[in-house]
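Novice: Once you've had a glance at the structure underneath, I'll fire off some questions.
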């Protein structure tokens, strides 16, 4: 029997993913990441911030994602196959209530502390678990985060000023069927390499995929780190794949929308800038743009 490989599906052309990881006992474990499947993302009220995708989400309901999970696992299955949810930020384009409450209340939610406060306020989910922060002295791969299986670990890489609520990373580490440890590093707004370096230097895992944006975006002058930062992270982590995330076309209305800026960038833009800074051409990363509604198998 051929070995299974991780499957990544971009659900909305933005930063909502179904990450399907092979389980040690066979089959797939399905993680739903930052689901926003239609409707506006509103901060406080529409007059302040009202965000929609210009390109309609290919997956517009949790039911459609559950069917996708069944198709990936085994077409004959009929039960829900979303095993857990990860919420990375408290902002409504990541913590989208209208999408999340389509899930069964029994699906466990793993979130950063700021996001768990939001999700708990709904009084809907049975299990809401804080994703722990990385501490260099903690043997994090030996700790279990129930009800996750013991072979799967989550971690947040915090940063300092000036924007600690925006710029950080989520690590999804798992034991492969070959009994090695691989990780996915997810940073939709970017994390500067020095904050990630201590974890990488532990050499406790290899990085399968980096999920990071590419465009230069800012809101109220606060930047989302783009292609140049992504290239630095790819160099640091040695990621086998870099998947573009959180660089969508948005209809951003409301007061805050007046202060939203987005400059499209390409990988070549970043490579040319890196060459100017270093004086030589660096290796081209294995960069993949997964289209809205499409899947990629990572080997």
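Novice: Quick one: if you stick a label point 7 Å off each Cα along the C-beta vector at residue 46 and residue 299, how many nm between them?
Specialist: 4.9
Novice: Among 195, 205, which comes first, then next, by fewest other beta-carbon atoms within 10 Å?
Specialist: Working: 195 18, 205 21.
Sorted ascending by nearby Cβ count, the order is 195, 205.
Novice: Using only the Cα atoms, what convex hull volume per residue in Å³ does the stretch 54-125 have? Let's see the in-between values first.
Specialist: Details: hull volume 6.8 nm³, N = 72.
Value for the stretch 54-125: 94 Å³ per residue.
Novice: Which value, to two decimals, describes the C-alpha radius of gyration of the chain once divided by 2.2 N^0.38 Å? Write out the running numbers ahead of the final one.
Specialist: Numbers: Rg = 18.4 Å, N = 299, 2.2 N^0.38 = 19.2 Å.
Relative to the 2.2 N^0.38 Å estimate, the chain comes out at 0.96.
Novice: Only helical DSSP H runs with n ≥ 4 go in: add -39500 (n - 2.57) per run for the chain, normalise by residue count and round the 222 nm mean residue ellipticity to 500 deg cm²/dmol. Present the calculation step by step, with values, prior to reporting the outcome.
Specialist: Numbers: 6 runs with 56 residues, N = 299.
One gets -5500 deg cm²/dmol as the mean residue ellipticity at 222 nm.
Novice: If you wrap a convex hull around the Cα atoms of the stretch 129-207, how much volume per residue is inside, in Å³?
Specialist: On the way: hull volume 7.6 nm³, N = 79.
In the stretch 129-207, the Cα hull volume divided by residue count equals 96 Å³.
Novice: A follow-up question, please. Could you give the nm distance between label points at residue 181 and residue 197, where each point is 7 Å from its Cα heading toward the beta carbon?
Specialist: Going by the 7 Å Cα→Cβ label model, 2.2 nm.
Novice: Additional query: When the C-alpha atoms of the stretch 166-299 are aligned to their principal axes, what extent does each axis show, in angstrom, from largest down?
Specialist: Principal-axis extents of the Cα atoms in the stretch 166-299, largest first: 50, 37, 29 Å.
Novice: If you don't mind, another one. What Kirkwood hydrodynamic radius do you get for the stretch 229-273 when you take the inverse of the mean 1/r over all pairs of distinct Cα atoms, in Å?
Specialist: Working: mean 1/r = 0.0771 Å⁻¹.
Computed over Cα pairs of the stretch 229-273, the Kirkwood hydrodynamic radius comes out at 13.0 Å.
Novice: Next up: Taking neighbour counts of Cβ atoms within 10 Å as a proxy for exposure, in what order, fewest first, do 16, 105 appear?
Specialist: Working: 16 25, 105 12.
The fewest-first ordering by Cβ neighbours comes to 105, 16.
Novice: Using a 7 Å offset from the Cα along the Cα-to-Cβ direction at both residue 64 and residue 113, what is the distance between the two label points in nm, to one decimal?
Specialist: Distance between the two pseudo-spin positions: 3.7 nm.
Novice: Would you order 269, 34 from fewest to most other beta-carbon atoms within 10 Å of each residue's own beta-carbon? Walk me through the numbers on the way to the answer.
Specialist: On the way: 269 17, 34 29.
Listing 269, 34 from fewest to most nearby Cβ atoms yields 269, 34.
Each reported figure results from applying straightforward, stated rules to the coordinates on display, with no laboratory input. Because the structure is a prediction, the values reported are computed rather than measured. Glycine also receives a Cβ, built like all others from the backbone with ideal geometry; neighbour counts cover every protein chain displayed.
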